[in-house]
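Please read the structure below before turning to the comments.
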Amino acid sequence: MWALAARGGDPAAADRFVRSLHRDVVRYVAHLSADPQAADDLAQDTFLRALGSLHRFEGRSSARTWLLAIARRAVIDSHRYAAARPRLCDTDDWTRAAERAQPAGLPGFDDGVALLDLLDTLPAERREAFVLTQLAGLPYAEAAERSDCPVGTVRSRVARARATLAALLAEAEAQAQEEAEAIPETTA
């Protein structure tokens, strides 16, 4: 009743409409958003949307039902907006923050580049078998089907690839150790 009168331009009816449903809208958006602090802002957004489109309200449903549907869309839009916005980080060391955000057990960027360089040194058939079984996680039988070779051949290629990669890693670590020892220590 107040919504239809407000649609006709009655400011007192618009005020009564807002006051009569404000508590319901605040409770509803607080429940949907699970954020009581955002409830007042979402309720305000809901009423701004409703009053802006009040001329389209025809009274086929109750004003409360119409308003809560608008509130639901306001909460959804709020979630979409928050998900699309970048989050601020209060740390100066963004690389460490990015690494902490990575799932455990994954190599860092530098390790990933080093792994790709090492994999490039392997012959193509060994690299394929290693990547399919060790990185992609395929069972040996499935890797054999994809490679069009026997399972034993895949096992052999993976074993040889592991041995080659282990030797290359040991060589790289020894070289890094030698370089670290060659740097003269400075005394302050």
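The values are calculated or read from the model by the stated rules, or taken from the named source; none is laboratory data. All of these numbers come straight from a predicted model, not from anything done at the bench. Every residue, glycine among them, receives a Cβ derived from its backbone with ideal geometry; neighbour counts consider all protein chains shown. Areas reflect the complete protein model, heavy atoms only, side chains present, ligands, DNA and RNA absent. Shrake-Rupley method; radii C 1.70, N 1.55, O 1.52, S 1.80 Å.
Here is a yes/no grid of residues against (1) open to solvent by less than 100 Å² (accessible area, probe 1.4 Å); (2) more than 34 Å from the chain's Cα centre (by Cα); (3) within 22 Å of S78 (Cα to Cα):
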site	(1), (2), (3)
R16	no, yes, no
D24	yes, no, yes
P36	yes, no, yes
D41	no, no, yes
Q44	no, no, yes
L51	yes, yes, yes
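Go through (1) surrounded by 11 or more Cβ atoms within 10 Å (Cβ to Cβ); (2) modelled with pLDDT of 90 or more; (3) not hydrophobic (A, V, I, L, M, F, W, C) for G112 and report which single condition fails.
With (1) surrounded by 11 or more Cβ atoms within 10 Å (Cβ to Cβ); (2) modelled with pLDDT of 90 or more; (3) not hydrophobic (A, V, I, L, M, F, W, C) applied to G112, the lone miss is (2).
Check A97 against each of (1) at pLDDT 70 or above; (2) open to solvent by less than 90 Å² (accessible area, probe 1.4 Å); (3) not in a loop (DSSP other than H, G, I, E, B) and name the one condition it does not meet.
(1)
Just to check your reading of the model, which residue among A39, A82 is modelled with pLDDT under 85 and in a helix (DSSP H, G or I)?
On the way: A39 fails: modelled with pLDDT under 85.
Being modelled with pLDDT under 85 and in a helix (DSSP H, G or I) holds for just one of A39, A82, which is A82.
State whether one or more residues within segment 128-138 are over 30 Å from S33 (Cα atoms), open to solvent by 100 Å² or more (accessible area, probe 1.4 Å) and modelled with pLDDT of 75 or more. Spell out how you get there, then give the answer.
Let us first name the residues in segment 128-138 that are over 30 Å from S33 (Cα atoms), namely 128-138.
Now drop any that are not open to solvent by 100 Å² or more (accessible area, probe 1.4 Å), which leaves none.
No; the residues of segment 128-138 include none that is over 30 Å from S33 (Cα atoms), open to solvent by 100 Å² or more (accessible area, probe 1.4 Å) and modelled with pLDDT of 75 or more.
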